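Visitor: I am attaching a structure below and will ask some questions about it afterwards.
Just so you know, all these numbers are worked out from the coordinates, no wet-lab data involved. All of these numbers come straight from a predicted model, not from anything done at the bench. Please note: Cβ atoms are built from the backbone with ideal geometry, for glycine as well, and neighbour counts cover all protein chains shown.
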Amino acid sequence: MLNSNIPSGPIEQKWTKHKFESKLINPANKRKYKIIVVGSGLAGGSAASTLAELGYQVSCFCYQDSPRRAHSIAAQGGINAAKNYRNDGDSVQRLFYDTVKGGDFRSREANVYRLAEVSNAIIDQATAQGVPFAREYGGLLDNRSFGGAQVSRTFYARGQTGQQLLIGVYQSLAKEISRGGVTMHSRTEMLDLVTVDGHAKGIVVRDMVTGEISSHAADAVILATGGYGNAFFLSTNAMGCNVMAAFRAHKRGACFANPCYTQIHPTCIPVSGEYQSKLTLMSESLRNDGRIWVPKNAADCGKKPSDIPEEDRDYYLERKYPAFGNLAPRDIASRAAKEACDDGRGIGPSGLGVYLDFRDPIARLGEDTIRARYGNLFQMYEKITGENPYTSPMRIYPAVHYTMGGLWVDYNLMSNLPGLHVLGEANFSDHGANRLGASALMQGLADGYFVIPATIAPYLASQTPGSVTTDAPEFKKVEEEVRERVGQLIDITGSRTVDSFHRELGHLLWDKCGMARDKAGLKEALKLIPKIREQFWKDVRIPGSGNNVNAELEKAGRVADFLEFAELLCHDAHDREESCGGHFRSEHQFTDKSPEVKAGKTQPGEAKRNDEKFSYVAAWEFKGVGKKPKLHKEALKYEAVKQAIRSYA
Amino acid sequence: MANLNLTLKVWRQLNADDHGRIETYEAKNIPNEASFLEMLDIVNERILVDGGEPIHFDHDCREGICGMCSLTINGIPHGKDKGVTVCQLHMRSFKDGDTIWIEPFRSRVFPILRDLMVDRTAFDRIIEAGGYIDIRTGAAQDANNLPVEKDKAEAAFEAAACIGCAACVAACKNSSAMLFVSAKAAHLNYLPQGAPEKQKRTLAMVRQMDAEGFGNCTNQYECEAVCPKEISADNIAKLNRDYVISSAKEAVG
């Protein structure tokens, strides 16, 4: 069922060879094809504008009031590329290797190599668009370091790299909208996917202002709808981020791959109360200079940090991972923070926090240099917490941030449903079990600017353009189902709010399927999720009608899907009897007794993979609500790199 | 951690055709640490439990970068704190017993969609008119082939920090969009990459701004005072300069 379509040949020739061997569509014929793009972030926006430049007729949809506001905008730290402008030994090969290793040897080699290969063109493209990357006095581009790498390959625009890259994408999209190449539908939410003879041929959407439900047909559909981090209720995602588009596609036959690979980001502002609606990330770039520590002795946790002398501080990342220090990858840094807090050495009112301290770099470089590097991040921290990070260390704690899992795609970024293509965070393909910092922006733009424009042609060439219209009975049927579902939600008129269900689900997932998981906990979650779902469909309250702006109705549709998706997430976490990257099963970790620990290759408490049994992509096929999905395996073959114990020591 | 008891005076309006009105809500026991939007979440949760319809407002990232949130608080877009969006405003900025007036970003160019939500698509149309550099994907040269002086790159960044929230328009008695348009134009006009289309861009953006019905700038800089990204009104002077030069060039041909 799953054919990854990885081209044959040496890894460094696969992409060039594949492009040469793929069918092309001549410019006059491109105009006849319609393509739907759902999502207007870095992946969706760049795909929409580039496909329109090529001549295709593109319709782009987003739930925000403007495509410029997609959540890619919130990315702070930077974007990786193998330019080697620093002459520090970087190369496509090294970026490829770091990414595969960072993903704990659970990603698809060929996709990752292609990602590294096109990374440089992204920087060229963005710069030509006027993206104001940081520069040195000589006028050339500056770089900084990010987690999981020993070279400086990250390009950045202060603490708002995501916004600047997205403005570049949005401006390019605006250019195509004004030229007539892209029809933009903002404040419009995709509620379902329509398949005709097993091919994805359109979507059903709701206008979020008028409530009108309508169908849109095309020759191919692209989903670039982001990740599912909001399943956990609290995350660094925007409030509107949701899994609906991807999950609807899943219910229509698209396999969902590796949902258990969820990234918990180590440096977020800790939770302060039950009313909290979201968590705020403090960029990984802060770990270039900031030093992470907790008190050596639990008894010191209540003291002011300035009263704790140097010898009583445990700079645990520097101690455990001397080669990478504070720039250890995210999954490792997060688990180390959890370990310190579980050990009773967490700081702050809740005991769930560690310090990120700039005392030493300020003493070494001066406050002005630190302000120039991180000024807006320090300001953001101060606005939220009311504390001044120049004089006292930041308090941080891990939070759900990014999801490596997503809809299964082949090398062409097409799912197992012909015609359905999936880009960016919404697919599963490039980051394995853990994503390195500054690689999400890279992947989104690689997929949209450089991969899909080449890889969508082979599918389109096999289709007669305009062969399916919204007159097809399949559209009427799905539209009817969507209307019924909206009506059903409104008619429940129960007693509980949508948020109360979302919060309940989120707490459960964080407890049982969060930073650490075990069999018993996952079994329990699988028992409890259907109960919450049942309660939701009996007792949720949505006031008002479907014919107006109705925020509760929008949220309810999304939460209803999270309530089904959560089970899939737990099934995958339950079945993957190993630890790798963002998926940490407490039963599977190295201990003092492990031969690898005795041989000095790793340390107790590190994630223990099982390459023999689990070197595969777990792609799940939907089998009905409440039923266990069917597992399909795509074996991962490593030809260019050797699977090894992931060491950052 | 003290809790606050507040009185809210909130603009309610079902849709663009409805006559809006101010309604009063008691917001009791609000945690000091909550953000302004979390305070509204709490109030909405209680309205919902009591069988009412929640107060609608735009919001998304809740970390001050997406530009979606758009509330006028006690007459000031994004509230009285400097350099923040509403989502970054925290309740510790208020006192127990305060009465807080919450209204949408008002401008005749921004129709109200519901309650505190407005339609800001006029901003998109201004960008579509010319707020971009016209290059095709794939056509770019190596990024370091074109050095950019650091001060110019910094000035472009300062302008590009605009999040398109439209507080500038809401703060202006003339509903002028000059701070937004000037920031968007300056971002590209400062850079060598933006030079070839500078004249065309400047004229097209200003003309679209006028066509949308935004008012004129009378240099009072309320816009600069409320801008959550502290975009400088110097950009307006730059836009005026660029516009005069572009118009003259256009006239001469």
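Visitor: Report the net charge of residues surrounding A:Thr188, where surrounding means a beta-carbon distance below 9 angstrom and charges are Lys +1, Arg +1, Asp -1, Glu -1.
Guide: Result for the neighbourhood of A:Thr188: 0.
Visitor: Cut-off 10 angstrom, C-alpha nodes, Gaussian network model of chain B. Which of B:Gly20, B:Gly52, B:Gly164 fluctuates the most?
Guide: Looking only at B:Gly20, B:Gly52, B:Gly164, the biggest GNM fluctuation is shown by B:Gly52.
Visitor: Evaluate the charge dipole of chain A about its Cα centre and quote only its size in Debye, nearest 20, assuming +1 on the Cβ of each Lys and Arg and -1 on the Cβ of each Asp and Glu.
Guide: Magnitude of the dipole: close to 580 debye.
Visitor: Shape of segment A:265-401 from its Cα gyration tensor (a ≥ b ≥ c, root eigenvalues): rounded if a/c is under 1.5, otherwise prolate when a/b > b/c, or oblate?
Guide: Values: a/c = 1.23, a/b = 1.05, b/c = 1.18.
Rounded, because the longest to shortest axis ratio a/c is under 1.5.
Visitor: Got the relative contact order for chain B handy, in percent, Cα pairs under 8 Å and 6 or more residues apart? Please list the in-between numbers first.
Guide: Numbers: 447 pairs, mean separation 48.2, N = 253.
Dividing the mean separation by the residue count of chain B yields 19 percent.
Visitor: If you keep only loop residues by DSSP, which chymotrypsin sites (Phe, Trp or Tyr not before Pro) in segment A:93-138 have at most 15 other Cβ atoms within 10 Å of their Cβ? Mind showing how you got there, number by number?
Guide: On the way: sites: A:Phe96, A:Tyr97, A:Phe105, A:Tyr113, A:Phe133, A:Tyr137; in loops: A:Phe105, A:Phe133, A:Tyr137.
Sparse-neighbourhood loop chymotrypsin sites (Phe, Trp or Tyr not before Pro): A:Tyr137.
Visitor: Take the Cα radius of gyration of chain A and divide it by 2.2 N^0.38 Å, with N its residue count; two decimals is plenty.
Guide: My calculation over the Cα atoms of chain A gives 0.92.
Visitor: Calculate one ³J(HN,Hα) per residue across segment A:36-45 by plugging θ = phi - 60° into the Karplus curve 6.51 cos²θ - 1.76 cosθ + 1.60, and present them in order as whole Hz with x for glycine and proline.
Guide: Rounded to whole hertz, the list is 9, 10, 9, x, 10, x, 4, 6, x, x.
Visitor: Continuing with the same structure: Can you check what the net charge comes to around B:Asn15, using other residues whose Cβ is under 14 Å from the Cβ of B:Asn15 (Lys, Arg +1; Asp, Glu -1)?
Guide: My count for the surroundings of B:Asn15 gives -3.
Visitor: With a cut-off of 8 Å between alpha carbons and a minimum separation of six or more residues, what is the relative contact order of segment B:120-252 in percent?
Guide: Averaging sequence separation for qualifying contacts and normalising by length gives 33 percent for segment B:120-252.
Visitor: Only loop residues by DSSP count here, and only those with at most 10 other Cβ atoms within 10 Å; note down the trypsin sites (Lys or Arg not before Pro) in segment A:547-649 that meet that.
Guide: Counting only loop positions with at most 10 other Cβ atoms within 10 Å, the trypsin sites (Lys or Arg not before Pro) in segment A:547-649 are A:Lys593, A:Lys623, A:Lys627, A:Lys642.
Visitor: Calculate the mean, over all residues of peptide A:63-75, of how many other protein chain Cβ atoms lie within 10 angstrom of the residue's Cβ.
Guide: Other-chain Cβ atoms within 10 Å of each residue's Cβ, averaged: 6.
Visitor: Loop by DSSP (not H, G, I, E, B), at most 14 other beta-carbon atoms within 10 Å: where is the longest site-free stretch of chain A for GluC sites (Glu not before Pro)?
Guide: A:388-576
Visitor: Can you work out the FRET efficiency for the pair A:Val271 and A:Thr369, with r the C-beta to C-beta distance and R0 = 41 Å, to the nearest 0.05? Provide the component values of the computation, followed by the final result.
Guide: Details: r = 32 Å, r/R0 = 0.77.
It comes out at approximately 0.85.
Visitor: Also, quick follow-up: Peptide A:270-281: average number of partner chain Cβ atoms within 10 Å per residue? It would help to have the intermediate numbers written out before the result.
Guide: Values: counts 0, 0, 6, 6, 2, 10, 6, 10, 9, 2, 7, 1.
The shielding value for this peptide is 5.
Visitor: Taking all pairs of different Cα atoms in chain B, averaging 1/r and flipping that mean, what Kirkwood radius in angstroms comes out? Walk me through the intermediate numbers first.
Guide: Details: mean 1/r = 0.0507 Å⁻¹.
This gives a value of 19.7 Å.
Visitor: Of A:Lys17/A:Lys642; A:Lys608/A:Lys642; A:Lys201/A:Lys251, which ones are farther than 19 Å apart at the Cα?
Guide: Among A:Lys17/A:Lys642; A:Lys608/A:Lys642; A:Lys201/A:Lys251, the Cα-Cα distance tops 19 Å for A:Lys17/A:Lys642.
Visitor: Taking Rh as the Kirkwood radius, which is the inverse of the mean 1/r over Cα pairs, what is the Rg/Rh value for segment B:120-252? Mind showing how you got there, number by number?
Guide: Numbers: Rg = 14.7 Å, Rh = 15.2 Å.
Ratio of gyration radius to Kirkwood radius: 0.97.
Visitor: Another one. Please report the antiparallel percentage of the DSSP beta bridges confined to chain A, to the nearest 5.
Guide: Of all bridge pairs located within chain A, approximately 70 percent are antiparallel.
Visitor: Express the relative contact order of chain A as a whole percentage, based on alpha carbon pairs under 8 Å and six or more residues apart in sequence.
Guide: Contact order relative to length: 20 percent.
Visitor: Helix A:551-575: angle to the longest alpha-carbon principal axis of chain A, degrees 0 to 90, nearest 10?
Guide: 70
Visitor: Ok, one more. When you look at the Cβ of every residue in B:148-157, what mean number of other chain Cβ atoms sits within 10 Å? Intermediate results must be reported in sequence, preceding the final value.
Guide: Details: counts 8, 4, 8, 2, 3, 9, 4, 1, 5, 9.
Across the residues of B:148-157, the mean count of other-chain Cβ atoms within 10 Å is 5.
Visitor: Of B:Gln208, A:Trp620, B:Met178, which is farthest on the positive side of the dipole of the protein assembly as shown, counting Cα position, with +1 on Lys and Arg Cβ, -1 on Asp and Glu Cβ, and the Cα centre as origin?
Guide: The residue sitting most towards the positive pole is A:Trp620.
Visitor: Could you tell me the calculated FRET efficiency between A:Ala461 and B:Asn174, based on Cβ-Cβ distance and R0 = 56 angstrom, to the nearest 0.05?
Guide: FRET efficiency, A:Ala461 to B:Asn174: 0.55.
Visitor: Count the lysine pairs in segment B:3-114 whose Cα atoms sit under 17 Å apart, keeping only pairs 8 or more residues apart in sequence or on different chains.
Guide: 5
Visitor: Just for the Cα atoms in segment B:3-114, what are the lengths along the principal axes, largest first, rounded to whole Å?
Guide: Cα spread of segment B:3-114 along its principal axes, largest to smallest: 38, 35, 23 Å.
Visitor: Further question: Test of understanding: in a Gaussian network model of chain B with alpha carbons linked when under 10 Å, which of B:Val43, B:Val86, B:Val181 would top the mean-square fluctuation ranking?
Guide: The residue that fluctuates most here is B:Val43.
Visitor: If you don't mind, there's one more thing I want to ask. Work out Dmax and Rg for segment A:1-66 from the C-alpha atoms and quote the Rg first, both in angstrom.
Guide: For segment A:1-66, the Cα radius of gyration and maximum Cα-Cα distance read 15.3, 46 Å.
Visitor: Round to a whole angstrom and tell me the spacing of the C-alpha centers of segment A:214-235 and segment B:40-108.
Guide: 28
Visitor: Which whole-Hz ³J(HN,Hα) couplings does segment A:512-519 yield from phi under the Karplus relation 6.51 cos²θ - 1.76 cosθ + 1.60, θ = phi - 60°, glycine and proline marked x?
Guide: 9, 9, x, 5, 9, 10, 9, 4
Visitor: A further question on this structure: With +1 on each Lys and Arg Cβ and -1 on each Asp and Glu Cβ, and nothing else charged, work out how big the dipole of segment B:3-114 is about its Cα centre, in Debye to the nearest 20.
Guide: With only Lys, Arg, Asp and Glu charged at Cβ, the dipole is about 420 debye.
Visitor: Right, next: For segment A:224-254, which chymotrypsin sites (Phe, Trp or Tyr not before Pro) are both in a DSSP coil and crowded by at most 16 other Cβ atoms within 10 Å?
Guide: none
Visitor: A:Gln57: net charge of surrounding residues, Cβ under 15 Å, Lys/Arg +1, Asp/Glu -1, itself excluded?
Guide: Taking every other residue near A:Gln57 into account, the sum is +3.
Visitor: Roughly what would the spin-label model give for B:Asn216 and A:Ser392, points 7 Å off Cα along C-beta, in nm?
Guide: Between B:Asn216 and A:Ser392, the label points sit 5.3 nm apart.
Visitor: Next question. Could you run the Karplus curve 6.51 cos²θ - 1.76 cosθ + 1.60 with θ = phi - 60° over segment A:265-282 and give me ³J(HN,Hα) per residue in whole Hz, x for Gly and Pro?
Guide: Once rounded to whole Hz, the list reads 7, x, 10, 10, 6, x, 5, 10, x, 5, 6, 4, 9, 7, 10, 10, 7, 10.
Visitor: Taking 0.36 nm per residue of separation and subtracting the Cα-Cα distance, what length does fully extending A:Asp342 through A:Asn610 add?
Guide: 93.9 nm is the gain from fully extending A:Asp342 to A:Asn610.
Visitor: Output the pairs from A:Lys304/A:Lys519; A:Lys14/A:Lys633; A:Lys175/A:Lys477; A:Lys512/A:Lys623 with a Cα-Cα distance over 29 Å in this structure; if there are none, say none.
Guide: Pairs exceeding the cut-off: A:Lys304/A:Lys519; A:Lys175/A:Lys477.
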